Ligand SMILES: [Zn+2]
């Protein structure tokens, strides 16, 4: 596929700019557009927040490719840029006649606009797709570590003291045990990090509604969900985002055997609960969904995790605009988005390759 080399232009400095670029591109190609207003939150400027859905392709398409940005709020700086680039380079035109593409822009618009990874209710959407009527998965280690993940005091040595306790846990139990305790998802501490929620969030219900509108009659669905913050800088790890037994082998065949999974220990991700693929799997069989999360590395795990804790802390304890708040906001922005042209070019090149592989894969099902 021919693409230009102005990849940095697809990326934006904030949510309103990203939204405008996406809508401009979607309108330019005549995509059908649907704007979902989040009635539960406003932007930092008081503006409305939307998840925007652009569909291109036949109404009765037997195959549907869904491309999502902003599942984790400000990780959307990356995902939105890829979506805008796809359309700006007319890569949607290379899809087969039986395929429709559904671009879901900013599924967590609150997090994108406020530079937070979580939703307006402090929920990690990618841990929120559990059965909320059943007992929640228990993350016992998080109970122990919550007081250090979110210490009473951040400045004046508070963070360093908490860091020492987390480090001690990692040394005793292993780095992956620490990462799992912190990031697997927890349902017991609503003010904590990686909180999976105690009810479906607005973003959860919105995604389910989008799936109902676009996927109900599909024979096969592909899913690309853009993320950042894990793995080597600029590398796009393809993490299985579907049923392990029903789709891992197929995903490997689509993506040159480069797919990883926390089910077999090949991924840099901890084993998670409540991922967004379960919204698709409530409508489609495991054999009908081939999904991946494209996880672009930024910085090391400790740096990224510390930034998430910092953002959580300032949200609980600081007024917007205070010196510590500004410092924390910069930390979480930088941790999940490397705002330089070299990183963006790597992101873009991998995104183009991933789309090409997805088209080829869809042709085989
Ligand atoms: Zn993410």
I need a count of the residues in the stretch 340-363 that are without any contact (Cβ under 8 Å) to a residue 40 or more places away in the chain and outside any helix (DSSP H, G or I).
1
Could you please let me know if residue 65 is away from the ligand (no atom under 16 Å from the Cβ), assigned by TED's automatic domain parsing to the domain that holds residue 108, touching a residue at least 40 places away in the same chain (Cβ under 8 Å) and within 19 Å of the chain's Cα centre (by Cα)?
yes
Let me spell it out: the conditions are (1) closer than 26 Å to residue 265 by Cα; (2) within 16 Å of the ligand (Cβ to nearest atom), and residue 112 meets all of them except one. Which number is the exception?
(1)
What do you reckon, is residue 99 surrounded by 15 or more Cβ atoms within 10 Å (Cβ to Cβ) and within 16 Å of the ligand (Cβ to nearest atom)?
no
Does the stretch 304-315 contain any residue that is touching a strand residue (DSSP E or B) at 6+ places or on another chain (Cβ under 7 Å) and within 16 Å of the ligand (Cβ to nearest atom)?
yes
Are any residues in the stretch 35-54 assigned to a strand (DSSP E or B) and touching a residue at least 40 places away in the same chain (Cβ under 8 Å), and if so, which ones?
36, 50, 51, 52, 53, 54
Matching entry among 234, 185 (being at positive phi, out of contact with any strand residue (DSSP E or B) (no Cβ under 7 Å at 6 or more places or on another chain) and either crowded, with 17+ Cβ neighbours inside 10 Å or at pLDDT 95 or above (or both)):
185
Filter pass, residue 246 being within 18 Å of the chain's Cα centre (by Cα) and either in the same structural domain as residue 229 (by TED's automatic domain parsing) or within 16 Å of residue 225 (Cβ to Cβ) (or both):
no
So is residue 205 over 26 Å from the mean Cα position of the chain (by Cα), outside any loop (DSSP other than H, G, I, E, B), away from the ligand (no atom under 16 Å from the Cβ) and at pLDDT 95 or above or not?
no
Out of curiosity, is residue 314 over 24 Å from residue 80 (Cα atoms), in contact (Cβ under 8 Å) with a residue 12 or more places away in the chain and not in a loop (DSSP other than H, G, I, E, B)?
yes
Surrounded by 23 or more Cβ atoms within 10 Å (Cβ to Cβ), in contact with a helix residue (DSSP H, G or I) (Cβ under 8 Å, 6 or more places away or on another chain) and at pLDDT 95 or above - does that describe any residue in the stretch 255-267?
yes
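The values are calculated or read from the model by the stated rules, or taken from the named source; none is laboratory data. Note that the structure is a prediction, hence the values are computed from the model and not measured. Note: ideal-geometry Cβ built from the backbone for every residue, glycine included; neighbour counts use all protein chains shown.
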